[in-house]
Amino acid sequence: MVAAEFAPKLGVKLACVERDRVGGDCLWTGCVPSKALLASAKAAHTMRHADAYGLTPVDPQVDTAKVWSRIKAIQARLAQTDDNPERFRKEGVDVLFGQARLTSATTVLVGEEEHTARFILLATGSRPATPPIEGLAEAGFLSSESIFELGRAPSSLVMIGAGPISIELAQAANRLGVEVTVLQRGDRVLTREEPELVDRLLAKLRAEGVEVQTGIEIDRVQARSTDGRKVVHSGQRLWAAEEIFVAAGRAPNIERLGLEEIGVNVDRRGVVVDDKLRTSVKTIYAAGDVAGRYLFTHSAGYEAARAIRNMFLPGSSGGEFLVPWCTFTDPELAHAGLTEAQAREQHGDGDIQVWCQDLSHSDRARAESTDDGELRIVTVKGRIVGAHALAPAAGELVGELALAIERKLKLTELASVVHVYPTISLAVQQIAGQASYARAEKYSWLVRSDA
């Protein structure tokens, strides 16, 4: 979709091929429905805990059928407007529906009709991976591709995997009255994040009633004939629920495209690309999940625009680029750049410094009873290389820090950026102020005396 918006601005004639629904994973199975679900769950949670705001708490009457209906209404509204095929056709884009298969470096077969182009962009995305667990397929399970097709939430869930998708959905479902157990094979959840911030978030989820079990090796799954519940077995332990939700990674959509037949190299992560997003066939590029680099909608859009730029404009755009991300729990957990461990591994211990600001020192967070959080900034020789926030709207806050990392700014430089008070993002200026004060102490001997 991003390529379809950008290319016509360059005078490029473009056709998009879609085998299912315009909008893809983000609209139908990912970002949009999950965030709509999170919003409903947060409202229910706030009602239960209204005493934190000086109000009488109430137990909401949750009908998840109405919640699911709201999600589908939001999706329909987007499908009729921003993601409407007619919007792209009005921009001169040909929108073709059907299964695509590449027949050469410049031709694509859609149905029985072959189309020729100067360049081809692969943006077929990814799908939930299915782990090889005995009995899982026979018992049946939900994934992000199927759970929002239901008419209502299951009464109970056992979730396999503890990445962002699973953790977000676990908190949301629990807040809506669903009994939730999360099973993680490894020792930690959200393994790419700062461990201390994850521990704080995990403590909150457990306090809300989400059961999280780590170090679980699942042996098998079965559906009980007596009550229809699905049972997950691990040694002598078992967990039963109405449904099993699998969130154990993603698999690239590379099948039935004819890629290997025309010489496009692929591996387990997806289509192999260089730093210009070009595949092993020079007229074919790939962007997004199918290229196996960053599995986010925002990075996919950036890559698509970069690929179009490299196809048609002089002077190619390459090299690594910074991709921040956010796990949209409550509070949100946002990430940009290196973790402390990564910084120490890459730069050694001597020049690393980690600056922290707890939200208990944020007037805005205290005013809103949301002061269980923290902002962390990692520096190397004073330059910002990583930023991590556990805070309300952390995904909004981290953009400023991502820019600072991208531009190789020193932390002290952010002290001169006046932030609005009272805001959560004021914590950025406060941390930068700490760094500036520490630096100023070295020059205290220069302060003029009254004499």
Just tell me which aspartates and glutamates come within less than 18 Å, Cα to Cα, of K442; anything on the same chain fewer than 8 places away is out. D351, E413
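Could you state the orientation-averaged shadow area of the convex hull built on the Cα atoms of region 208-261, in nm² to one decimal?
7.0 nm²
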For the residue pair D63 and R19, what label-to-label distance in nm results when each label sits 7 Å from Cα along the Cα-to-beta-carbon direction? 3.9 nm
Taking only the Cα positions of region 249-290, the convex hull volume per residue in Å³ is 70 Å³
Whole-number D in µm² s⁻¹ for region 61-201, Kirkwood Cα-pair radius fed into Stokes-Einstein, 25 °C, 0.890 mPa s: 127 µm²/s
Which value in nm describes the separation of the simple spin-label points at S146 and S234, placed 7 Å from the Cα toward the beta carbon? 2.2 nm
Compute the signed sum of charges (Lys and Arg +1, Asp and Glu -1) over the other residues within less than 14 Å, Cβ to Cβ, of R48. -2
Looking at A43, A286, Q429, which one has the Cα that reaches farthest to the positive end of the dipole of the chain (charges on Cβ: Lys, Arg +1; Asp, Glu -1)? A286
Using a 7 Å offset from the Cα along the Cα-to-Cβ direction at both H347 and R127, what is the distance between the two label points in nm, to one decimal? 4.3 nm
Within region 170-241, what whole-number % of the accessible surface is contributed by carbon and sulfur, with the 1.4 Å probe and all protein chains included in the calculation? 42 percent
Given K35/K72; K42/K204; K90/K282; K282/K408, the pairs whose alpha carbons are separated by over 23 Å: K90/K282; K282/K408
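Leaving out ligands, DNA and RNA, and with a 1.4 Å probe, what % of the accessible surface on region 284-438 is carbon or sulfur? Kindly include the intermediate steps, with their values, before the conclusion.
On the way: 3450 of 6550 Å².
Carbon and sulfur together cover 53 percent of it.
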Sorted largest first, extent of region 200-338 alpha carbons per principal axis (Å): 64, 39, 22
Starting from a Cα-only point model with no solvent, please compute log10 I(q)/I(0) by Debye for region 342-451 at q = 0.11, 0.19 1/Å. -0.38, -0.96
Label selected from [x] 32.6, 96; [y] 21.8, 69; [z] 24.6, 92, the criterion being Rg and Dmax of the Cα atoms in Å as computed here: [z]
What does a probe at R383 reach in region 404-436, counting residues whose amide N is under 16 Å from the point 7 Å along Cα→Cβ? 404-414
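The values are calculated or read from the model by the stated rules, or taken from the named source; none is laboratory data. It should be emphasised that the depicted structure is a prediction, and the values quoted were computed from it without experimental measurement. Note that each Cβ is placed from the backbone with ideal geometry, even for glycine, and that neighbours are counted across all protein chains shown. For accessibility, only protein heavy atoms count, side chains too; no ligands or nucleic acids. Shrake-Rupley method; radii C 1.70, N 1.55, O 1.52, S 1.80 Å.
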